[in-house]
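The values are calculated or read from the model by the stated rules, or taken from the named source; none is laboratory data. Keep in mind it's a predicted model, so treat the numbers as computed, not measured. Counting neighbours? That spans all protein chains shown, and the Cβs are built from the backbone with ideal geometry, glycine included.
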Amino acid sequence: MSNGSVRVKGMGIRKLNTLITADTLLAASLSILVALLLLSCTPVVTEEKKVAVEGEMAPPISPELASMQQLQQWASELIKFGEGNPIFPNIRQAGTEADDQATLWLEDMLRSFGLEQVRREPVPIMGWQPSEYGLTVHTASGDLSLDAWPIFYARFLDTGSVTAEMVYVGTSPIGSMAGKIVVADMICPMAIAYDGLKAAALETYDPGNTLEPGGCHRYWAFTNQDVYHSAVDQGAVAFVGINVDKADDGRYFQNAWGLKADPLGEWGPTSGQLPGLYVSRATGEKLRPLATAGTSATLVSAGSTPRTQTYNVVGILPGQSEKIIQVQSHSDGGAVNDASGAIAVLALAEYYSKTKLSDRRNTLQFVITGGHFTMGAGIRTFMKEHAEALKENVLVNLTIEHHGKHYDLADGKLMDSGLPCTLCLYTSNNDWLPLLSDAVHRYELRRTFILPYSDPGAGEGATWHWITDLPSIYIVTPVQYMQSSVDTKEKLDLERTRSVAAAFAYIINELDDTLE
C-alpha cells in the first residue's frame, strides 16, 4: 500500500495445541508485573534508551477515516447496550442480552461496510446471573442494611443466604476464618511508574514533558486477591471485600481470573468457590468496626449459572494474497474498556472497505472478540478453532484495546487530569521500532511508551503472541476506572481514538507492502 522498509518473514505456531493453565498465565503475568511494580514503589530516575522529541507537524488524517462525529455515534450506539445492566450499570457483560445485542450490532456494522464472510462465531461459556443480593448487619440497636453488589463470577449460595459472625482481617489472610463471613480491605497500593516504563521502553514520546520523574499511574487491580482464596481454604462461609482504592460511586468487577474462575470451563472451576459481595470505601467505613467486633450479619447471594454464549465477530476484506493482516479488539466491558478499541477497529474496517482490491496485497481480517472478562474466552476459542488457518496465513496481529482520558483518584473521587492516558504500544518484533516510532510521531500520540513484548497477560495482543508465537503489535493503557461501572462515555477521548486508528492505518499500509 506504500513503499516501506520493514520486512519480516511469517512465523510458525508454537503453543496453540499445548496445555496452558490459568495458574501458568497468572504466574507468568504476575512475575513480570511485580518486578515492574516493585520498581514503581521506589521510583528511580533512569537514563532512557531513547526519548523522542517533538517532530514535524502531524499530517492531516485522511478524510476517508471515520470523522469525530461518526466515532461519537458509533460509541454511543455500542455503549447504550450496557446501560440497563442492573448489577454493573454501563457494562456489556458477556453472555447477557446486552452482549447479544452489541455483537449483533457489530456484525451489522461490518456487513454494512461491505466486508465478506461476516459472521458471529459462538463462544460457549457458563453464564452468571445474580437474582438477589444484599448485606444486613445485626447490630445491638437493630438491623443495618448496607449497599453492596456481587463479586463478579463468585459462587451463589445454595440456600440463597447465610447468617454468621463476621471477622475483619484487614488486607491479609490472618486469624481463624472457619464458619465466618470474612471482611477484608481490597487494595490497589502499587503504581505503574513512568520511570519504570521509560527504562523498559524502546522509545518514549512525550513532547509536553508530562511524564515527570517520579510520576506514576495507580494500578487498577487488587494486589491482595489471596485473602479471598485463603478464606476459601479455611472454610469461611462468605466474603465481603471493601473497595478501598476505588471510586465511591462505582461498582468494580474484576476479570474472572481474579477468582481463578474460568467460565469457558477449560482451566479450572467455572466460578469462584466462595459467595461474596463488594462494598464501597465509604460503606466500608461503617462495616469495618462492626466486623472487627464480630457482629453477626446476613449475606444474600442468589442467582443462576446457565450455559450460554458470547460471540466473536469476524469480517474479511480479501487481498491479492490469502496471507492475513489481522486487526482485533474485544466488545465486552464499558466505554473506554473496550468500546474505544471496538470502534477503532470499526473505523479501520470502514476505511479499508473503500480501498481497491489492487491496493491490498494481503487479506485484512477484522476480529472483535467476546468474553474478555470471562478469562479471555473469546480470543482463546478463536485461536483454538482456527489454529491451522492462523498458522498458515496470519502474518501479524494488530490489537487495539482501551485508550481514554486519564483520571486521578483521591478520597474516593475520580478527577479528570486533562491529559490522555499513557499509551503502551507493544511489539513482538523490535525491528519494527522505526515504523512504530514514525506512526506515533506522525499522529502525535503523546504520552506513548513503545515497549517490547514481555508480559503474556498485558491484553489480548500479548495473549495472542504468547500462545501462537505469531507477530503482534498491540496497545493497552493503564486506566484507573476500568473494570467498573464508572467507565462511562465522558471518559472517552475520541480525538485520541481517531489518531490511534490513523496510526494503525499507517502501520498496516507499511506492513502490507513489506511482509512476506
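Applying the set (1) closer than 28 Å to G371 by Cβ; (2) buried (at least 18 other Cβ atoms within 10 Å of the Cβ); (3) of a type outside the set (D, E) to V183 leaves exactly one unmet item: (1).
Please indicate, with yes or no, whether at least one residue in the range 153-161 is in contact (Cβ under 8 Å) with a residue 12 or more places away in the chain, farther than 21 Å from V227 by Cα and outside the structural domain of S454 (by TED's automatic domain parsing). Yes, the conditions are met somewhere in the range 153-161. Any residue that is buried (at least 23 other Cβ atoms within 10 Å of the Cβ) and part of a loop (DSSP other than H, G, I, E, B) - is there at least one of those in the range 328-336? Taking every residue of the range 328-336 in turn, at least one turns out to be buried (at least 23 other Cβ atoms within 10 Å of the Cβ) and part of a loop (DSSP other than H, G, I, E, B). For the condition polar (S, T, N, Q) and at pLDDT below 90, T223 qualifies. Among residues of the range 364-388 being assigned to a strand (DSSP E or B) and polar (S, T, N, Q), the one that is farthest from V313 (Cα to Cα) is Q365. Residues in the range 107-121: is at least one free of Cβ contacts under 8 Å to residues at least 60 places away in the same chain, under 21 Å from the mean Cα position of the chain (by Cα) and surrounded by fewer than 19 Cβ atoms within 10 Å (Cβ to Cβ)? Taking every residue of the range 107-121 in turn, none turns out to be free of Cβ contacts under 8 Å to residues at least 60 places away in the same chain, under 21 Å from the mean Cα position of the chain (by Cα) and surrounded by fewer than 19 Cβ atoms within 10 Å (Cβ to Cβ).
Within the range 221-244, the set of residues being touching a residue at least 24 places away in the same chain (Cβ under 8 Å), out of contact with any helix residue (DSSP H, G or I) (no Cβ under 6 Å at 6 or more places or on another chain) and surrounded by fewer than 22 Cβ atoms within 10 Å (Cβ to Cβ) comprises A221, T223, N224, D226, H229, S230, V232, Q234, G235, V237. Mind checking which pairs have a first residue in the range 207-220 that is on the phi > 0 side of the Ramachandran plot and a second that is assigned to a loop (DSSP other than H, G, I, E, B), Cβ under 7 Å, 6 or more apart or different chains? Sorted first by the residue in the range 207-220, then by its partner, the pairs are G214/P43. Has the range 155-171 got any residue that is within 16 Å of Y219 (Cα to Cα), surrounded by 21 or more Cβ atoms within 10 Å (Cβ to Cβ) and touching a Gly at 6+ places or on another chain (Cβ under 7 Å)? Scanning the range 155-171, I find no residue that is within 16 Å of Y219 (Cα to Cα), surrounded by 21 or more Cβ atoms within 10 Å (Cβ to Cβ) and touching a Gly at 6+ places or on another chain (Cβ under 7 Å), so the answer is no.
Which of the residues spanning the range 251-264 are within 17 Å of the chain's Cα centre (by Cα) and either part of a loop (DSSP other than H, G, I, E, B) or farther than 20 Å from P189 by Cα (or both)? Within the range 251-264, R251, F253, Q254, N255, A256, K260, A261, D262, P263 meet the criteria.
When you scan the range 397-420, do you find a residue that is farther than 30 Å from I87 by Cα, crowded, with 22+ Cβ neighbours inside 10 Å and in contact (Cβ under 8 Å) with a residue 40 or more places away in the chain, even just one? Yes, the range 397-420 contains at least one residue that is farther than 30 Å from I87 by Cα, crowded, with 22+ Cβ neighbours inside 10 Å and in contact (Cβ under 8 Å) with a residue 40 or more places away in the chain.
Is it the case, given these coordinates, that A302 is of a type in the set (A, V, I, L, M, F, W, C) and surrounded by fewer than 22 Cβ atoms within 10 Å (Cβ to Cβ)?
So A302 passes the test.
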